[in-house]
1. Being of a type in the set (A, V, I, L, M, F, W, C) and more than 13 Å from the chain's Cα centre (by Cα) narrows it down to one of Leu104, Leu85, so name that one.
2. For segment 279-295, give me each residue that is in contact with a Leu (Cβ under 7 Å, 6 or more places away or on another chain) and either closer than 26 Å to Ala135 by Cβ or touching a residue at least 24 places away in the same chain (Cβ under 8 Å) (or both).
3. Condition check: under 30 Å from Ile295 (Cα atoms) and open to solvent by less than 80 Å² (accessible area, probe 1.4 Å). Does Pro101 satisfy that?
4. Could you list, in sequence order, all residues of segment 49-66 that are modelled with pLDDT under 80, in contact with a Ser or Thr (Cβ under 9 Å, 6 or more places away or on another chain) and either among the aromatic types (Phe, Trp, Tyr) or part of a helix (DSSP H, G or I) (or both)?
5. State all residues of segment 49-85 that are open to solvent by less than 10 Å² (accessible area, probe 1.4 Å) and either under 25 Å from Trp231 (Cβ atoms) or small (Gly, Ala, Ser) (or both); if no residue qualifies, say none.
6. I'm checking my understanding of the structure. Among residues of segment 128-177 that are buried (at least 21 other Cβ atoms within 10 Å of the Cβ) and in contact with a Gly (Cβ under 6 Å, 6 or more places away or on another chain), which one is nearest to Pro41 (Cα to Cα)?
7. Is one or more of the residues making up segment 9-26 outside any helix (DSSP H, G or I), open to solvent by less than 30 Å² (accessible area, probe 1.4 Å), farther than 23 Å from Ala297 by Cα and in contact (Cβ under 8 Å) with a residue 40 or more places away in the chain?
8. Which condition breaks for Leu111 when tested against (1) open to solvent by 50 Å² or more (accessible area, probe 1.4 Å); (2) at pLDDT 90 or above; (3) under 15 Å from Arg176 (Cβ atoms)?
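The values are calculated or read from the model by the stated rules, or taken from the named source; none is laboratory data. Please read all numbers here as calculations on a predicted model, not as lab measurements. With ideal geometry, Cβ positions are generated from the backbone for all residues, glycine too; neighbour counts draw on all protein chains shown. Each accessible area value is taken on the protein alone, full model and side chains, heavy atoms only, with ligands, DNA and RNA left out. Shrake-Rupley method; radii C 1.70, N 1.55, O 1.52, S 1.80 Å.
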Amino acid sequence: MKLRISPSAARAAGFVAFVAKAFLDNAVTAPSTHNGAWLCPLLALLPVLPWALCADRLRRCGRRRCGPLYAVMLALILLDGAENLSAIARSAGYLALDRVPVALLALPVCLALFWCLTKNGDAVGYAAMLWTRLAPVLLILVTALQFRHLRPDWLRPLLGSGWRAIVSGGVRTAGRALPCLAPLLLADDEAERDGRTLGLTVLLVLAAALGALLLTLHLMMTPTPLRPTQWVNRLDDLLVNGRAPLYTQLPMISAWYAGLLHLLLCEGFGAAALLQRLFPALDGRLCSALAVASIGAAYALQGTFGASDALSPWLYVVAALITALTALISLGKGGRRQCA
């Protein structure tokens, strides 16, 4: 089995995953920017866009030239995938009727992830396309139901903790967004088309704008606490904040879980496909199983060493340097026709 994904499916998958990751990171995981969180996806676009355009070109270069980049991206995906798996498991535990160990809640997610990966990359991308059609409906529904509960005054101060925190949050968001954009490196080759670069640029701009809009609506729904709160408290503010009737939270809950599952699926496919690019002799199903097992192992160990949080500020720097070196080596070896 060869793990493949078409360019259109890769871009759709990356679009939805970028929105979900930007919202997760700035609303629940690490909201250190206070009311300025809505600016982080927009600032993250500045470093993410050149990387995505470069990755879209480098996908033609082959394993020999892109091997180091594949290895680095695989490591970043495993670290970030463990964090996403943790978010899904803890979110499931939040809504569970009984007290169930979080590790047990992660097991069915891993099984579902493996089953989805065996359907190959286009299934991931087409599911994202379906999400993009449903997302506007959910967004309009959530906004309409919660409109009278929104408080624009709660957006003040607009810069939150200040420019330094916002810039730091933008770089962090960019670094954490790169793993979910890995399908751009893995898309099947296609003939040159005018406007492909413009199309990818517009797609990422829309993703950043949508992430900023979702964060803005979230900030207007609940007042931002002055002191840091626990993860479960931030999730409680997001899903069941007590300001609006419970039924109005259902669309938000649906969007939250659908977005997290797609994010994990996108990165899981990226890990499996990168593994097969590094070791072409491996079957796609075996690569999928190894990717899921590796994400699960990283999830089990992340509480021990906390690598994702420690490396968070450096994720983009490392990926950008390796990508730039790969591009320079490819062009230096006469790879312009193949990679550009």
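1. On the way: Leu85 fails: more than 13 Å from the chain's Cα centre (by Cα).
From the options Leu104, Leu85, the qualifying one is Leu104.
2. Matches in segment 279-295: Gly284, Cys287, Ser288, Ala291, Val292, Ser294, Ile295.
3. Working: under 30 Å from Ile295 (Cα atoms): yes; open to solvent by less than 80 Å² (accessible area, probe 1.4 Å): yes.
Here the answer is yes, as Pro101 does meet what is asked.
4. Arg65
5. Ala52, Ala55, Ile77, Asp80, Gly81, Ala82, Asn84, Leu85 - these are the residues of segment 49-85 that are open to solvent by less than 10 Å² (accessible area, probe 1.4 Å) and either under 25 Å from Trp231 (Cβ atoms) or small (Gly, Ala, Ser) (or both).
6. Here the residue is Ile166.
7. First, pick out the residues of segment 9-26 that are outside any helix (DSSP H, G or I): none.
No, there is no match, as no residue in segment 9-26 is outside any helix (DSSP H, G or I), open to solvent by less than 30 Å² (accessible area, probe 1.4 Å), farther than 23 Å from Ala297 by Cα and in contact (Cβ under 8 Å) with a residue 40 or more places away in the chain.
8. Status for Leu111: all satisfied but (3).
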